[in-house]
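First comes the structure, then the notes that go with it.
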Amino acid sequence: MKRLIAMLLVIAMMACVFAGCGKKSDSDLENVAEDGKVIVGITDFAPMDYKDENGEWTGFDAELARLVFAELDLEVEFVEIDWDNKILELDNGSIDCVWNGMTLTDEVMSAMNCSDPYVVNAQVVVMKAENAVEGMTAEDMKDMSFAVESGSAGQTSAESCGFANVTALAAQSNALMEVASDTADACIIDLTMANAMTGEGTSYADMVQVLELDREEYGIGFRKGSDLTEKVNEILDSLKADGTMQALADKYELVLCD
C-alpha cells in the first residue's frame, strides 16, 4: 500500500509539472513583475549581444533590452541559449523572450508572439579577401563549402541558393572561425555581424562581404499569447519617438525599421 501511495504521489507530481502547476499566472507580465526580473535568451552575436572587457553582456539588443525593461522596473538576466532550440526554451519557460537580432521568418512568427520589427538586416556571404572575385554570384559559389549557424536565416538562405556543402554550427561567430581556419570557403551571416566583425580594423580584417542574399527584419520573440509583447511594443514606440533608439542605432551602425 505504501508503495502504491508513493507511486501515486510521483504520478501526481509529474502531472503537475506537465500541466504547468508551477505557473503563477497566465500573464507573463504579472509573472516577471512578481519575480522582479525578465530572462532574455541570447547568443554571442556582435553587435547585438556580446561580452565587454569585464565579461558583461552589451551590444545594441542588450542595451535596448535594459532600457525597455527598466521602464517596467525589471532587472534583465541574459541567458546564452542554443539558437536552434530557441522556441523550445520559450515554450518550457526557461526564458521569457528571445532578443538577439532574430529574423522574423515564417517559422518564428508562427511559433512565437513577435514584436513589431525594429532593425533592418540582410544575409551576406563572407569569405577571405584573397579568394573573393568581384561580381561573384550565387551560381559561381555552388561548389564552395559554407558555414552557417544552425536554425538561422543564413542556413535558410544557403538552402534557398541550393548550396550543397553546408555545415551548420552553434553560432554565427563559429561560422566566421571556420572561414578563418580555412575549414570552410565562406560563411553566410547577418549583415549586422559582418559589418561589425569583418574588414579593416576588425577581428577578421582579411575577410570581405561578397554577396547580399536576402533582406529581412529583426524582431523580439515571446511565448504565444504573451501580454509582454504589447507592452514592449509600446515602450519601443516611445523610445523611438524620443530619439533614444536612433542614438543607439547610430552607436552600433544599424538601420532602424520605418
- Note on the structure: Rounded to the nearest 500, the 222 nm mean residue ellipticity computed for the chain from DSSP H runs (n ≥ 4, each -39500 (n - 2.57)) alone is -11000 deg cm²/dmol
- Just report the Cα centroid separation between the stretch 198-222 and the stretch 166-188, whole Å. 13
- Task: Please sort 122-129, 198-205 by packing, taking for each peptide the average over its residues of neighbouring beta carbons within 10 angstrom, highest first.
- Result: 122-129, 198-205
- Give me Rg over Rh for the stretch 89-192, both radii from the alpha carbons and Rh done the Kirkwood way, two decimal places. 1.01
- Task: On each of the three principal axes of the Cα atoms of the chain, give max minus min coordinate, whole Å, ordered largest first.
- Result: 74, 52, 35
- Query: Roughly what % antiparallel, to the nearest 5, for the DSSP beta bridges in the chain?
  - Reply: 65
- Any idea what the dipole of the chain comes to, in debye rounded to 20, about its Cα centre with Lys/Arg Cβ at +1 and Asp/Glu Cβ at -1? 1200
- Task: Report Rg/Rh for the stretch 177-258, rounded to two decimals, where Rg is the Cα radius of gyration and Rh the Kirkwood radius.
- Result: 1.09
- Note on the structure: The answer for K224, listing residues at least 5 apart or on another chain whose modeled amide H is closer than 5 Å to its amide H, is N113
- Message: Once neighbouring chains are kept in place and the probe is 1.4 Å, which whole percent of the accessible area of the chain is contributed by carbon and sulfur?
- Response: 49
- Based on DSSP H assignment, which helices of the chain show an axial Cα extent of at least 24 Å together with a mean Kyte-Doolittle hydropathy greater than or equal to 0.0? 2-19
- If you roll a 1.4 Å probe over the heavy atoms of the protein chains, what accessible area per residue do you get for the stretch 31-86, in Å²? 46
- Task: Would you mind getting the accessible area per residue of the stretch 122-258, heavy atoms of the protein chains only, 1.4 Å probe, in Å²?
- Result: 47
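The values are calculated or read from the model by the stated rules, or taken from the named source; none is laboratory data. Source: prediction; values computed, not measured. Note: ideal-geometry Cβ built from the backbone for every residue, glycine included; neighbour counts use all protein chains shown. Accessible surface is based on the protein model in full, side chains and every heavy atom, while ligands, DNA and RNA are left aside. Shrake-Rupley method; radii C 1.70, N 1.55, O 1.52, S 1.80 Å.
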